[in-house]
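Visitor: Before I ask anything, let me first share the structure, which is written out below as structure tokens.
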Amino acid sequence: MKTNIEQVELTPLTVKVASFNLFNYLEPPLAYYDFENIYSGEQWAKKQRWLNEFLTEHQPDIIAFQEVFSAPALADQVRDAGLNHFAVVDEPSVVDDFICRDPVVAIASKFAFEEVVSIDVDKPYAAALGLERHFNYSRKPLRVTVVLPDIGHCDIYVVHFKSKRPSMDELPPPTTAVARNANYGELLGRNVLGQWASSIQRGSEAALLFHSMMQRRVKTQNAMMLIGDFNDDLNSQVLSFLTTKELRFDKNGLGELASYPLTDAYQLYCQSVSAASDKQTSDGEVIRSHRQATHYYAAQGHVLDYILLSQDFNPAFHTSTAEVSHYHTEDRHLINPQFDRDSHSTDHAPIVCTICSRR
């Protein structure tokens, strides 16, 4: 007797992950940084509308935010877009009851959070690096743990590393009357010191966080994502170790080491394009060479916003469970802005990567 067994084709899980620097997301009548910086009702509506349109068009399942001042307003807005789980672990500073400074990071998700953690500086390691006792993250990172179908537990870290803006506050007073005499030598020297101070802060933040991530990975073996505004090129001296894949003095543990490095999601997307076209150089290299900037300064474009993924999302790794199938940089408002649509958008290009399970 013949039995007809219906073949059911399982659809791989698809997850869209995004990073979005909101650029002063602050509900009026509060002001950002200065008492004059208060959105009118119309300006605030335009800013929220721009975010709504982004969420509607791209429909992210997980989105990391930077430059958040009004977390309750943001939680309400993303909830209306179906992102019912929202987390923030810090608060901005408020001066004179209405001037806000020190914005924070946040995350919204369609997947429930099993854990929400504020990442603090590991003081003994900071001291070992020669950092002062009061050293802290310029913006406190957060970690949430979610369970992704087909993939399992995943730790998602949201960051906004220190900017390149020169840190002048800790410098001694100038040795000459800079403002009065326009002593450009003094100004140049102090500017270099301030830039290096910012680099030390940014690099130390990244190194300490990376170490915390590795400790967590050793303990749980959870998949990992590191998402946010890095405020620097990933290949810069102060950030390049985030994607390091080798131990300088130990070549014997390469097999065990392979599960720990992080990889830029854009790089993984380029690899997937090359593999799909069966051309290991041409298509992937064309895409890589045309990577869109996520921020512009003095008409010069830079990639500052990243999504880094653990080897669980790298098809080249033998136990990977997922891969990056698409990557998008939403930069229309930066390269071809229209006032009515974009006047209160953001100074960064949000990024979106699509992850598919490999089953």
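Visitor: Given the structure, is Y33 open to solvent by 10 Å² or more (accessible area, probe 1.4 Å) and not hydrophobic (A, V, I, L, M, F, W, C)? So that I can check it myself, show each step before the final result.
Guide: Working: open to solvent by 10 Å² or more (accessible area, probe 1.4 Å): yes; not hydrophobic (A, V, I, L, M, F, W, C): yes.
Judged against the criteria, Y33 is a match.
Visitor: Being open to solvent by less than 60 Å² (accessible area, probe 1.4 Å) and charged (D, E, K, R) is the filter here; which residues of region 100-143 pass it?
Guide: If the condition is that a residue be open to solvent by less than 60 Å² (accessible area, probe 1.4 Å) and charged (D, E, K, R), then D122, R139, R143 are the ones that fit.
Visitor: While we're on this one: Take H153 and tell me if it is in contact with a strand residue (DSSP E or B) (Cβ under 6 Å, 6 or more places away or on another chain), open to solvent by 50 Å² or more (accessible area, probe 1.4 Å) and under 21 Å from V88 (Cα atoms).
Guide: On the way: in contact with a strand residue (DSSP E or B) (Cβ under 6 Å, 6 or more places away or on another chain): yes; open to solvent by 50 Å² or more (accessible area, probe 1.4 Å): yes; under 21 Å from V88 (Cα atoms): yes.
Yes: the conditions hold for H153.
Visitor: Applying the selection to region 221-236, what residues are under 16 Å from A258 (Cα atoms) and of a type outside the set (A, V, I, L, M)? Walk me through it before giving the result.
Guide: First, pick out the residues of region 221-236 that are under 16 Å from A258 (Cα atoms): 221-224.
The answer is Q221, N222.
Visitor: Based on what the data block shows, is A64 open to solvent by 20 Å² or more (accessible area, probe 1.4 Å), modelled with pLDDT of 95 or more and under 23 Å from T354 (Cβ atoms)? Steps first, answer last, please.
Guide: On the way: open to solvent by 20 Å² or more (accessible area, probe 1.4 Å): no; modelled with pLDDT of 95 or more: yes; under 23 Å from T354 (Cβ atoms): yes.
In short, no.
Visitor: Would you kindly identify the helices (runs of 4 or more DSSP H) lying entirely within region 175-292 that contain at least 3 residues that are modelled with pLDDT of 90 or more, open to solvent by 60 Å² or more (accessible area, probe 1.4 Å) and β-branched (V, I, T)? Steps first, answer last, please.
Guide: Values: elements: 178-181, 184-220, 254-257, 265-277, 282-289.
Those helices (runs of 4 or more DSSP H) span 184-220.
Visitor: Looking only at region 48-60, which residues are touching a residue at least 40 places away in the same chain (Cβ under 8 Å) and surrounded by 21 or more Cβ atoms within 10 Å (Cβ to Cβ)?
Guide: F54, P60
Visitor: When the residues of region 16-29 are narrowed to those that are open to solvent by 60 Å² or more (accessible area, probe 1.4 Å) and farther than 24 Å from T329 by Cα, which ends up nearest to the chain's Cα centre (by Cα)?
Guide: Residue satisfying both the conditions and the ranking: E27.
Visitor: Let me ask you something else. Name the residues in region 322-347 that are crowded, with 19+ Cβ neighbours inside 10 Å and touching a helix residue (DSSP H, G or I) at 6+ places or on another chain (Cβ under 8 Å), would you?
Guide: A322, E323, V324, Y327, E330, H333, H344, S345, T346 - these are the residues of region 322-347 that are crowded, with 19+ Cβ neighbours inside 10 Å and touching a helix residue (DSSP H, G or I) at 6+ places or on another chain (Cβ under 8 Å).
The values are calculated or read from the model by the stated rules, or taken from the named source; none is laboratory data. Every value quoted in this text rests on a predicted model; they were computed, and no experiment measured them. When we count neighbours, we look across all protein chains shown, and the Cβ atoms used for this are built from the backbone with ideal geometry, even at glycine. SASA here: full protein model, heavy atoms, side chains in, ligands and nucleic acids out. Shrake-Rupley method; radii C 1.70, N 1.55, O 1.52, S 1.80 Å.
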